[in-house]
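No lab work stands behind these numbers, since they all come straight from the coordinates. Every value quoted in this text rests on a predicted model; they were computed, and no experiment measured them. Cβ sites come from the backbone with ideal geometry, for glycine too, and all protein chains shown count toward neighbours.
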Amino acid sequence: MVEFCKPAAGKKILELREVSKRLKSGDSWTTILDAVNLDFYQGDFCAIVGNSGSGKSTLLYLLGILDSPSDGKILLDGIDTGALDNRELAKLRNEKLGFVFQFHYILPEFTALENVMLPMMVAARLSKAQQRERAMMLLDQLGLAERRNYYPSQLSGGQLQRVAIARALANQPLIVLADEPTGNLDSANSKIVFDYFRKLNQETGQTFLVVTHTVGFVQDCDRIIEISDGKVIHDRRGPIASSESNLSPGGQPA
Amino acid sequence: MILFSAWRQIRHRKKQTVASIASVTIGVGLSIMMASMQLGFENDFVERIIAVTPHVQITSERLRPRPELGRDRYELSRVERIRAFDKPMTINGAGFWRETLAGLPGVTDISASYTGQGLISFGNKDQAVVIRGVDPVQENRINGLGDKLRLGRMEHFATAPNGIILGSGIARRLAAKPGDTVTLIGETGNRELFRIIDLYQSGITAYDNRTLFILLKNAEAFFGASGPNEFNLKLEDPNSAERVAALTRSLTGLESRDWISENENIRGELNRRRMINLGIVGTIFVVSAFGITNIMLMSVMNKKRDIAIMQAFGVNRTALSAIYLMQGLILGLLGALGGMLSGAVLIYALSVLPVSFTATITRQGFPMVWAWQLFLIPAAVGIFCGLAASSVPAWRASRFKPAEVIRNG
Ligand SMILES: Nc1ncnc2c1ncn2[C@@H]1O[C@H](COP(=O)(O)OP(=O)(O)O)[C@@H](O)[C@H]1O
Ligand SMILES: [Mg+2]
C-alpha cells in the first residue's frame with residue numbers, strides 16, 4: 001500500500017514525475033529507483049527513511065540534480081532540469097540548492113570562513129565584504145565564530161560538519177538536501193545540527209530533505225518518506241505517533 | 001574564484017609545487033643559457049671569420065660559359081660556376097677591374113693581394129705555408145691585420161725591405177721569433193730570405209698555423225707574377241656576400257668566393273649543434289611537462305571528492321578545467337620567471353668565467369649573448385609547457401560524475 005501526503009502550505013518547488021534510475025552492474029541493468037512520483041513544497045521539513053540499499057541516496061542525488069534520471073522528469077522551481085546543460089545545472093545548484101553529506105567534504109586548502117564563502121564566490125552576487133559578513137554570520141550561528149580562520153586540519157569532525165552546513169546555507173538555498181548529515185557525529189553534535197535545521201526551517205521557510213536513521217529526528221519531521229527497494233512505500237505528514245490522521249490513502253495531493 | 005582556488009591548491013601541495021616550478025625553471029634557465037652560448041659562439045665565429053677573410057674575394061680563376069646542347073646560343077653567355085682548366089697567374093686588366101669593383105654598390109673597400117703556396121724553412125725545420133702578399137694599409141682596412149699582430153709593428157712591416165709576418169702557429173712550430181731570418185722556398189725552387197717583423201694571431205687556429213704575410217711587391221717578385229691574383233672586398237653588409245659574389249662572378253667572369261659559402265661546412269656544424277641543444281632543451285621541457293602532468297593528475301585523483309562537492313555547490317565543468325589550467329599557467333609563469341632569473345645568472349657567470357678553447361678557436365671566457373628574445377622565447381615555451389601539462393588533468397577534473405564520487409566516497 002502506498003500512502004500519499006497532503007501538500008503543505010507553500011508552493012510546489014520540486015517534483016518528480018515517474019522518475020526511474022537504472023544502473024548497469026556487470027551485464028545486467030539494476031533498477032535502483034522505480035517510477036517515483038514525489039512533490040515537495042516550500043517549507044517542507046522532510047525525512048527520507050528506509051533500509052540500507054533501498055535507494056535513498058540515489059533519490060537525493062536526483063533531487064539535487066547531481067545525477068540525471070534514466071527515465072522521467074524532475075522539475076525544480078518550475079524548471080524542467082532534463083533540458084539543462086552542465087553549466088545551467090551547476091548554476092541552478094549554486095543558487096537554489098544546498099548539500100550536506102555524511103562526510104563533510106570541506107576543502108583542505110581553504111579556511112573555514114573561505115569554505116563557507118566559496119558558493120558565494122561562485123554566485124558572485126555579493127561583494128567580497130558582504131560574502132565575508134554572511135559567512136561569519138553563518139559560522140557564528142553554528143558556534144564557530146572563533147574558529148573561522150582555522151584550516152580544516154585544525155578542526156574536529158563535528159566542527160567540520162558544521163562548517164559544511166554553513167557552506168550549504170551560504171546562498172540561502174531554496175532546498176537543503178542532506179544525506180545522513182549526522183552519520184559521523186556524536187549525539188551532542190547531531191542535536192546541534194538538527195536543532196539548527198529546524199530553527200532555519202521555521203524562521204526562513206527553507207525546505208529540508210534529510211536522509212537519516214536518527215529516530216529522534218525523524219519523529220520531529222513534518223513529513224516522512226519511506227523508501228524500500230527503489231519505491232516510495234510511505235509518504236506521510238506529521239509525527240509518526242499521530243501520522244494516521246494525516247494519511248490520505250489512495251489519492252494524489254489535493 | 002578560479003584564480004583563488006588554483007593558487008590555494010598550488011600553495012597547499014608545497015613540495016610538488018616546488019618540484020614543478022623547479023623543473024620549468026631548469027628548462028627555461030638552461031634554454032636561455034644554451035641559446036645565449038650558442039649564439040655567442042656563432043657571433044664570435046662569424047666575427048673571427050670576417051676578421052681574417054674578406055667578405056668577397058675575386059680570384060684569378062676564370063669561369064667558363066658552359067655550352068649546353070639545344071639551347072639558344074645567346075643563353076650560352078650565362079656564366080656558370082665551373083672551374084677553369086688553368087689558373088692564370090694574375091688577374092688580367094687588374095687596374096680596370098679594381099676601379100669597377102670598388103664602385104659596386106655595397107662595396108666599402110677593396111684590396112689587391114697575391115696568394116700562393118710555398119715552404120718556409122728555419123733552422124733544420126720546414127713547413128708548407130700559404131704565402132700572402134699584401135699591401136699593409138689596404139689589408140688592414142679590409143680585415144684589420146694590424147689588430148692581430150703580437151707586437152703591433154705594422155709600420156715596420158710596411159717599410160722593411162724583406163719583412164715577413166708569421167702566423168703564430170708557424171712560429172711556434174719552427175721555434176722562430178721576431179728578428180729571426182727565415183727562408184721562403186717557391187714551387188720552382190727559388191729561395192728568398194725574410195726577416196720576421198711580427199707574429200700574427202687571429203684566433204682561428206687554421207689560419208694561424210698556415211698563413212704568413214709579406215709585401216705584395218715582394219710576393220709578385222717571389223712568384224714571378226706581374227700583378228695581383230686576388231681582389232678582396234669589404235662590404236657594408238657582410239650578409240650580402242653571396243649576392244655580391246654572384247654579381248662579381250657574372251661581371252668579371254672570375255671565380256669569386258664569399259665568406260658565407262666558404263664556411264658552409266662550419267655553418268652545418270653550428271646548425272648541428274643547434275639541433276643538439278634543441279634536443280636537450282626539448283627533452284628537459286618534455287620531462288618537466290610530464291612531471292607536472294603526473295603531479296596534477298595525482299592531485300585530481302586525490303581531490304575527486306573535493307571536485308564533486310565543488311560541482312555540488314555550483315562550479316561547472318568549464319570552471320573546474322579552468323582551475324587546473326590556471327594552476328598549470330601559474331606553475332609555468334613562476335617557472336619561467338625563475339628560469340629567466342637563473343638564465344641571467346648563468347649567462348653572467350659563464351661570461352666572466354675564464355675558460356680557454358684550443359680546438360678551432362682560441363679565446364678567454366664564453367662569448368655569451370644578451371638579447372631579450374633569448375629570454376622571452378624560452379619563457380613562453382615554459383609557460384606553454386605548464387599549460388599543456390595541465391590540460392590532461394584539467395580535462396580529467398571535468399569528467400567526474402559527482403553523484404558517483406560522493407556515493408563511493
Ligand atoms: N554504481 C552502482 N552500480 C550498481 N548498483 C549500485 C550503484 N550504486 C548504488 N547501487 C545500488 O543501488 C542501491 C541503492 O543505493 P543507495 O541509493 O546508495 O541506497 P541507500 O542510500 O538507501 O543506502 C543499492 O542496492 C546499491 O547497491
Ligand atoms: Mg546512502
quick note, the protein assembly as shown, DSSP beta bridge pairs, % antiparallel (nearest 5) is 70 percent
When N is the residue count of segment B:198-270, what does its C-alpha Rg come to as a fraction of 2.2 N^0.38 Å? 1.36
Amide H partners (placed H, <5 Å) of B:VAL129, local residues excluded: B:GLY118, B:LEU119, B:ILE120
Candidate lysines - alpha carbon under 19 Å from B:LYS234, same-chain residues fewer than 8 apart omitted: B:LYS148
Overall Cα dimensions of segment A:70-137, principal axis frame, Å, largest first: 40, 28, 19
Per residue of B:400-407, how many C-beta atoms from partner chains lie within 10 Å of its own C-beta, taken as a mean? 6
Cα extents of segment A:4-90 per principal axis, largest first, Å, are 46, 34, 19
Given Cβ point charges of +1 (Lys, Arg) and -1 (Asp, Glu) and nothing else, what value in debye, to the nearest 20, does the dipole of the protein assembly as shown about its Cα centre take? 600 debye
Per-residue average of Cβ from other chains inside 10 Å of B:297-305: 1
For segment A:12-237, one quarter of the surface area of the C-alpha convex hull, expressed in nm², comes to 12.6 nm²
Using the alpha carbon gyration tensor of segment A:30-76, what are the three equivalent-ellipsoid semi-axes (square root of 5 times each eigenvalue), largest first, in whole Å? 17, 15, 9
Diffusion coefficient, µm² s⁻¹, Stokes-Einstein with Kirkwood Rh over alpha-carbon pairs of segment B:87-252 at 10 °C and 1.306 mPa s: 96 µm²/s
What is the Cα centroid distance between segment B:244-305 and segment B:164-205, reported in whole angstrom? 41 Å
Mind computing the radius of gyration and Dmax over the alpha-carbon atoms of segment B:177-227? Å is fine for both. 12.3, 33
Cross-link pairs beyond the 28 Å C-alpha cut-off, checked among A:LYS91/A:LYS191; A:LYS73/A:LYS128; B:LYS14/B:LYS304: A:LYS91/A:LYS191; A:LYS73/A:LYS128
Can you list the aspartates and glutamates whose alpha carbon sits under 15 Å from that of A:LYS56, skipping same-chain ones fewer than 8 residues off? A:ASP34, A:ASP67, A:ASP179, A:GLU180, A:GLU226, A:ASP229, A:ASP235, B:GLU404
How long are the three semi-axes of the equivalent ellipsoid for the protein assembly as shown, computed from the Cα gyration tensor as the root of 5 times each eigenvalue, in whole Å, largest first? 93, 26, 18
Give the average over all directions of the projected area of the C-alpha convex hull of chain B, one decimal, in nm². 30.1 nm²
Let me confirm one metric for peptide B:8-15, namely the mean number of other chain beta-carbon atoms within 10 Å of its residues' beta-carbons. 2
Give the longest segment of chain B that steers clear of trypsin sites (Lys or Arg not before Pro) in DSSP loops with at most 12 neighbouring Cβ atoms within 10 Å, not counting the sites themselves. B:79-398
